[in-house]
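Structure record follows, encoded as structure tokens.
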Amino acid sequence: MSNAVFVTGATGIVGSSVVTSLLEDDQKVVAAIRSESSANALPGGAEARIFDFDATSADFDAALAGCDRLFLMRPPPIESVQKYIFPLIDAAMRAGVKQIVFLSLQGVPGNRKTPHHAVEQYLKEVDAPFTNLRPNFFMQTSRRPMRMEFANATRSMSPQAVPSLRL
């Protein structure tokens with residue numbers, strides 16, 4: 001497979017939507033999965049590849065073989081992006097990836113304490129071809145706390161209108 005998009009988080013809520021959208025657009029997709037059994041969750045047409053952020057440089061190179069684009073998500077448990085994310089970016093640069101799309105956070109430029117800020121800065125430092133996506137809200141983030149509020153709602157509401165979600 002050449003000219004494919006390597007999608008991290010491919011079986012998660014966001015990643016699976018990315019995989020589906022790319023396939024609907026007739027793009028070749030290599031879906032990063034943690035185990036063989038996860039391949040069953042992928043839509044037809046996606047190539048599954050075992051992947052772990054705690055891998056060697058050679059493993060990263062093999063995972064990205066034939067891919068010219070990377071959709072990169074930071075798994076929530078990963079705090080040390082220098083140890084787990086930067087090496088994948090380095091491998092993408094070695095592979096000649098022509099575009100890295102990083103799912104970041106809203107407000108990252110003003111919040112230097114987030115791991116996402118470090119990733120954005122590293123993409124600039126290594127002169128990667130990148131796009132940072134900075135969404136402001138994901139419904140799946142609050143789907144459990146808001147389940148009853150939505151079930152009983154008689155009107156449209158935003159998360160800010162739900163007291164249990166205010167920070």
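Filter region 67-82 down to residues that are assigned to a loop (DSSP other than H, G, I, E, B) and surrounded by 14 or more Cβ atoms within 10 Å (Cβ to Cβ), then give me how many there are. Don't jump to the end; show me each part of the working.
Residues of region 67-82 assigned to a loop (DSSP other than H, G, I, E, B): 74-80.
In the following step, the residues that additionally are surrounded by 14 or more Cβ atoms within 10 Å (Cβ to Cβ) were identified as 74, 78.
Residues meeting the conditions: 2.
Report every pair of residues separated by at least 6 positions or lying on different chains whose Cβ atoms are under 8 Å apart, first residue within region 13-32 and assigned by TED's automatic domain parsing to the domain that holds residue 45, second among the aromatic types (Phe, Trp, Tyr) and surrounded by fewer than 21 Cβ atoms within 10 Å (Cβ to Cβ).
Pairs found: 13/138; 14/138.
Would you confirm, using the coordinates I've provided, whether residue 137 is under 18 Å from residue 15 (Cα atoms) and either basic (Lys, Arg) or modelled with pLDDT under 90 (or both)?
Spelling it out, residue 137 is indeed under 18 Å from residue 15 (Cα atoms) and either basic (Lys, Arg) or modelled with pLDDT under 90 (or both).
Given the conditions (1) farther than 17 Å from residue 123 by Cα; (2) in a loop (DSSP other than H, G, I, E, B), which single one is not true for residue 97?
(1)
Look through region 54-84, keep the residues that are within 13 Å of the chain's Cα centre (by Cα) and at pLDDT 95 or above, and return whichever of them is farthest from residue 16 (Cα to Cα).
It comes out as 69.
Scan region 19-37 for residues that are crowded, with 16+ Cβ neighbours inside 10 Å and small (Gly, Ala, Ser) and report the count.
2
With 129, 87, 115 as the choices, which residue is modelled with pLDDT of 90 or more and closer than 20 Å to residue 59 by Cα?
Answer to the check: 87.
Look through region 38-59, keep the residues that are in a helix (DSSP H, G or I) and among the small types (Gly, Ala, Ser), and return whichever of them is surrounded by the fewest Cβ atoms within 10 Å (Cβ to Cβ).
The selected residue is 58.
Does region 83-91 contain any residue that is crowded, with 20+ Cβ neighbours inside 10 Å, outside any helix (DSSP H, G or I) and out of contact with any strand residue (DSSP E or B) (no Cβ under 6 Å at 6 or more places or on another chain)?
Yes, the conditions are met somewhere in region 83-91.
The values are calculated or read from the model by the stated rules, or taken from the named source; none is laboratory data. Note that the coordinates shown come from a computational prediction; the quantities given were computed from them, not determined experimentally. Ideal geometry is used to build each Cβ from the backbone, glycine not excepted, and the neighbour counts take in all protein chains shown.
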